[in-house]
1. Can you find a residue in the stretch 295-307 that is free of Cβ contacts under 8 Å to residues at least 40 places away in the same chain, of a type in the set (Gly, Ala, Ser) and farther than 15 Å from Ala365 by Cβ?
2. Scanning the stretch 43-68 for residues that are hydrophobic (A, V, I, L, M, F, W, C), over 21 Å from Ser200 (Cβ atoms) and touching a helix residue (DSSP H, G or I) at 6+ places or on another chain (Cβ under 9 Å), which turns out surrounded by the fewest Cβ atoms within 10 Å (Cβ to Cβ)?
3. Quick check: is even one residue across the stretch 313-335 modelled with pLDDT under 95, farther than 30 Å from Asp148 by Cα and aliphatic (A, V, I, L, M)?
4. Just the residues that are part of a strand (DSSP E or B) and surrounded by fewer than 21 Cβ atoms within 10 Å (Cβ to Cβ), please, taken from the stretch 113-137.
5. For a quick check of your reading: which helices (runs of 4 or more DSSP H) sit entirely within the stretch 186-288 and have at least 1 residues that are touching a His at 6+ places or on another chain (Cβ under 6 Å)?
6. Can you pull out the residues in the stretch 101-139 that are of a type in the set (A, V, I, L, M) and under 28 Å from Thr45 (Cα atoms)?
7. Go through (1) free of Cβ contacts under 8 Å to residues at least 40 places away in the same chain; (2) assigned to a strand (DSSP E or B) and name the single condition Gly140 misses.
8. Any residue in the stretch 390-408 that is on the phi > 0 side of the Ramachandran plot, in a loop (DSSP other than H, G, I, E, B) and assigned by TED's automatic domain parsing to the domain that holds Gln298?
Amino acid sequence: MTPFMNNLEVESYLKHELLRNTEACHESQIDKLLSWLCTAPKFTTFRVNTLVSTVDEVCEILAHHLYKQAAAHGNYPEIYNVTVHPKLPDTIVIGSMDKANIRPQGKEVIVDATCGAAVLRGAHVFAPGVMGMPAGIHCGDTVSVFADIVGQCKKGFQKPYAQGSRMFLGIGVVRMERKQLYAKDLKPAGVAIEMTATISGCPVIGANCLPSNLALLQNLPSIVCGHVLSPLQNEIILDMCAAPGNKTSHLAMLMGDQGIIIALDKTKSKVNNIVKRCQQFSLHSVHTFVCDSTKTIQKVADPCDPKERHNLVLQGPPFRPESFDRILLDAPCSALGQRPQLANRITVNQLRSYPPLQRKLFHSAVSLLKPGGTLVYSTCTVTVDENEGLVLWALEHFLNLELVPAEPLLGGPGLRRSGLTEEQRQCVQKFCPPIVGDDCDTDTVGFFIACFRKKMQFL
């Protein structure tokens, strides 16, 4: 299996990149990685808003909701395992069910590959993702949901879709008919098919599973990022590429909403999403600005005392050098760690465009970080050039930085022979093959985290 079935140029590029950078990485391991990317993680994670609730309270609410939902769908007494993560005290883990016996039933509905991936992670089918629906289907009907993995299904398709071009996802109940989806000048929204079971076995998570201010559905490595940065109350924090605000809100909660978090994105609509996320959790320590984070440094900066620096930060970018105690650079990346990937259509040119951008952002981050401060770099991709390669480049170009363990260490080490020493490999953490397993720490999305500290004095 491969997410690049119709994109062999990218698959070839990725294989070459991994083989070129890691002598210990064989083709069989790369094939294992590609197959892994096509499957959904068996665990769902929530991050709890510990400012207003406890993880035990949210665990109880989730377990009760999933039990009632299973009973309503005739799956009684289906019970999901809902537990608190043993190392992350604000994280809830829900295991998947064994759904190997699910078979298609009823008429067939076709959704696009992006929608299909979301369904396998526990989402319902929303109207924009429905590509094909036969005539004669009515609200309340049970249907089989298939994903178009070749991207050739036309919107509004009515006939059975070719066998080799689709993937069975699961069973659902129709909530919107053709006339509500495909009428002229219509922009449909909302749940079109309410999923009752999927082949991944992930719990179906609807908007009504929890009050919105109690917790957030978030991938485990993304939660780990916040704990690695470990912000303290009354510190000044920079989140350089903050949209949609999930990690930003986590940092605010870890600080008890006491201090200053500057959250940047270069697109106004994305900054609006950060604001909405923070409003969802009633956070007051986050200050958002529309800004290109490669252009955040004030060129002329006279000396100023700490109190004045505090006030200047609140005015927004550009910022004086050495203004921030801690910086999160969750960099724009190729996102090849997303799971499951049913059809990835990224181009080679797009892949090549990310490392130069990441380096520019890193330059800014180092300049803005105070001596003694912490910089966390993360991506949701699996390429060496964007991960271990960036760390190697950073250590060669910024002698005032030191690589420190990205604790808590839940992922595996960096790849062997990627240029990093054995000690450096153990400092970073990478979530992807060859380190995989059946536990929630290894069966997650592909991700990379590195933690740097700026030396107090550099001669």
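The values are calculated or read from the model by the stated rules, or taken from the named source; none is laboratory data. None of these values were measured; they are calculated from a predicted model. Please note: Cβ atoms are built from the backbone with ideal geometry, for glycine as well, and neighbour counts cover all protein chains shown.
1. The answer is yes; a qualifying residue exists.
2. The qualifying residue surrounded by the fewest Cβ atoms within 10 Å (Cβ to Cβ) is Leu51.
3. yes
4. Phe126
5. Here the list reads 220-229.
6. Result: Ile102, Ile110, Val111, Ala113, Ala117, Ala118, Val119, Leu120, Ala123, Val125, Ala127, Val130.
7. Single failed check for Gly140: (2).
8. No, that holds for no residue.
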